[in-house]
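Only one structure is covered here, and it is reproduced in the block below.
The values are calculated or read from the model by the stated rules, or taken from the named source; none is laboratory data. Everything quoted here is computed from the prediction, not taken from an experiment. Glycine also receives a Cβ, built like all others from the backbone with ideal geometry; neighbour counts cover every protein chain displayed. Note: areas computed on protein heavy atoms with side chains; ligands, DNA, RNA excluded. Shrake-Rupley method; radii C 1.70, N 1.55, O 1.52, S 1.80 Å.
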Amino acid sequence: NLKSQAEYPTVSIHCGYGLAHFWFLKIYPELQQAFPLFEIQLSVSQTETAADRLTADLSFVLGKPSNPDYYSDPIIREEIVLACSPSFIQRHGIKVGHLTPAMIRQLPLLHQGREDYGSIWFGDWFRAHGLEFELTPEVLFYHSYPLLLEAAAAGRGICIAWPKLSGDYFATGQLIALQGTEMDSGNGYFLVSRVKQKSDDRISALHKAILE
């Protein structure tokens with residue numbers, strides 16, 4: 001009813017599935033408790049949609065928007081590593097610390113859906129090591145970052161993982177980081193709102209709370 005809407009203003013937040021799964025859902029209950037008079041509506045999608053196509057009050061996106069109508073703050077830097085399971089290492093006779101990029105290129109690789117680039121993919125990684133890499137038509141894509149990590153932990157191949165967005169996969173030994181494969185794009189996730197929305201007290205308060 002109108003009274004309810006007036007007392008509990010709505011703030012919409014958009015988040016990609018991977019970031020939501022490994023990070024935002026952990027702080028979501030705290031936000032709800034900190035802002036009991038707000039109705040926080042969270043929408044989650046499989047892809048990290050470009051900010052200029054979003055209608056949410058606050059959005060988490062890969063890459064800083066260039067549009068001057070948007071205000072953004074960095075949340076998580078894109079620092080990745082190639083990773084696989086202990087069973088994969090054993091099955092392929094891998095000597096950790098002795099893998100070369102050329103050797104890695106010959107092993108089964110797990111690819112995230114192309115709609116998520118933006119983020120580093122194997123083509124970027126191999127080119128940074130002086131090698132060309134092309135996807136073959138039969139390549140299967142994982143259109144969910146959590147499912148990608150799950151597949152790697154199950155021994156299906158080598159994936160590109162964000163250690164800061166991997167839950168307990170590394171801590172529990174389900175995934176092992178391959179030594180010397182780290183890469184930092186200088187990019188990452190940003191918390192984004194339109195400049196005119198940032199001037200709204202309720203949106204500004206949420207924006208600040210998330211950064212803290």
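From Cα pairs below 8 angstrom and at least 6 apart in sequence, can you work out the relative contact order of the chain, rounded to a whole percent?
On the way: 341 pairs, mean separation 69.4, N = 212.
With pairs under 8 Å counted, the relative contact order is 33 percent.
Determine the percent antiparallel among the DSSP beta bridges restricted to the stretch 79-209, to the nearest 5. Let's see the in-between values first.
Values: 7 of 10 bridges.
Beta bridges within the stretch 79-209, antiparallel portion: roughly 70 percent.
Per residue, how much accessible area does the chain show when a 1.4 Å probe rolls over the protein heavy atoms, in square angstrom?
On the way: 11160 Å² over 212 residues.
Solvent-accessible surface per residue comes out at 53 Å².
Determine the share of the chain's accessible area contributed by carbon and sulfur atoms, expressed in whole percent, with a 1.4 angstrom probe. Let's see the in-between values first.
Working: 5690 of 11160 Å².
Here carbon and sulfur together make up 51 percent of the probe-accessible area.
If R₀ is 22 angstrom, what is the calculated FRET efficiency for the pair ALA171 and VAL139, using the beta carbon separation as r and rounding to 0.05? Please list the in-between numbers first.
Details: r = 30 Å, r/R0 = 1.36.
FRET efficiency, ALA171 to VAL139: 0.15.
Subtracting the Cα-Cα distance from 0.36 nm times the residue separation, let me have the gained length for GLU182 to ARG91 in nm, one decimal. Don't skip to the end; give the middle numbers.
Details: separation 91, 0.36 × 91 = 32.76 nm, distance 2.29 nm.
Gain on stretching GLU182 to ARG91: 30.5 nm.
Using every alpha carbon pair in the stretch 87-212, what percent of pairs falls into each 10 Å bin from 0 up to the bin containing the largest distance?
With a bin width of 10 Å, the distribution comes to 10, 36, 30, 13, 9, 2.
Rg(Cα) of the stretch 151-212 divided by 2.2 N^0.38 Å? Please report the intermediate quantities before stating the final value.
On the way: Rg = 17.7 Å, N = 62, 2.2 N^0.38 = 10.6 Å.
So the Cα radius of gyration is 1.67 times the expected 2.2 N^0.38 Å.
Are there GluC sites (Glu not before Pro) in the stretch 73-135 that DSSP puts in a loop and that have at most 12 other Cβ atoms within 10 Å, and which ones?
When the GluC sites (Glu not before Pro) of the stretch 73-135 are filtered for loop state and at most 12 Cβ neighbours within 10 Å, GLU132, GLU134 remain.
Provide Rg over Rh for the chain; use the alpha carbon set for both Rg and the Kirkwood Rh (inverse mean inverse pair distance). Provide the component values of the computation, followed by the final result.
Details: Rg = 19.5 Å, Rh = 18.8 Å.
A ratio of 1.04.
Where does each of ARG156, ARG127, ARG194 land when they are ordered by accessible area, with a 1.4 Å probe and the largest first?
Working: ARG156 150, ARG127 110, ARG194 55 Å².
Largest accessible area first, the list is ARG156, ARG127, ARG194.
When the chain is modelled as a GNM with alpha-carbon springs shorter than 10 Å, which of LEU25, LEU135, LEU178 fluctuates the most?
Of the options given, LEU135 has the highest mean-square fluctuation.
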